[in-house]
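Notes for the one structure printed next.
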Amino acid sequence: QVQVVESGGGLVQPGGSLRLSCAASGSIFSISIMGWYRQAPGKQRELVASMTDGGTITYTDSVKGRFTISRDNARTTLYLQMNSLNTEDTAVYYCYARVRVMLGFPQNDYWGQGTQVTVSS
């Protein structure tokens, strides 16, 4: 069993900052990629940022220069530092991890429950 748990959401004023955390735990042999998606009301879920096991990082254009993705040395905790937040960043943010639970087993994506980020004055 694999668990993915996000934390760090909340209410922030425009121009403010928040830091999200995502911890993957359980039966993990390897993680090939971890990332953040978000879904605003009435919109499709979109990729915000991701990081591969090798360290390759991808950002969606709207967050480049404002958001920074990073991880811990164990590569099981992912962070998203969000600066210069604006109202369009308001969404539920979901973390996912692509996990292989045992050598030779297929990879599967595991998702967290989501954390609300609200940017409002």
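Quick rundown of the values:
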quantity	calculated
Spherically averaged projected area of the stretch 26-99 from its Cα convex hull (nm²)	5.4 nm²
Candidate residues 50, 7: accessible-area rank, largest first, probe 1.4 Å	7, 50
Listed residues 55, 15, 104, most fluctuating in the chain (Gaussian network, C-alpha, under 10 Å)	104
Difference of contour (0.36 nm per residue) and Cα-Cα distance, residue 66 to residue 53	2.4 nm
Solvent exposure of the chain as accessible area per residue, Å², 1.4 Å probe	53 Å²
Largest to smallest accessible area among 46, 6 [probe 1.4 Å]	46, 6
The chain - percent of accessible surface contributed by carbon and sulfur, probe 1.4 Å	47 percent
Within a Gaussian network of the chain (alpha carbon springs, distance under 10 Å), most fluctuating of 72, 89, 109	72
Of 11, 85, 103, the one that fluctuates the most in a GNM where the chain has Cα springs shorter than 10 Å	103
DSSP bridge orientation in the chain - percent antiparallel, rounded to nearest 5	95 percent
Amide H contacts under 5 Å for residue 90, placed H, 5+ residues apart	119
Heavy atoms of residue 96: accessible area, 1.4 Å probe, square angstrom to 10	10 Å²
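The values are calculated or read from the model by the stated rules, or taken from the named source; none is laboratory data. Here the structure is a predicted model, which means the values were calculated and not measured. Heavy atoms of the whole protein, side chains included, go into the accessibility calculation; ligands, DNA and RNA do not. Shrake-Rupley method; radii C 1.70, N 1.55, O 1.52, S 1.80 Å.
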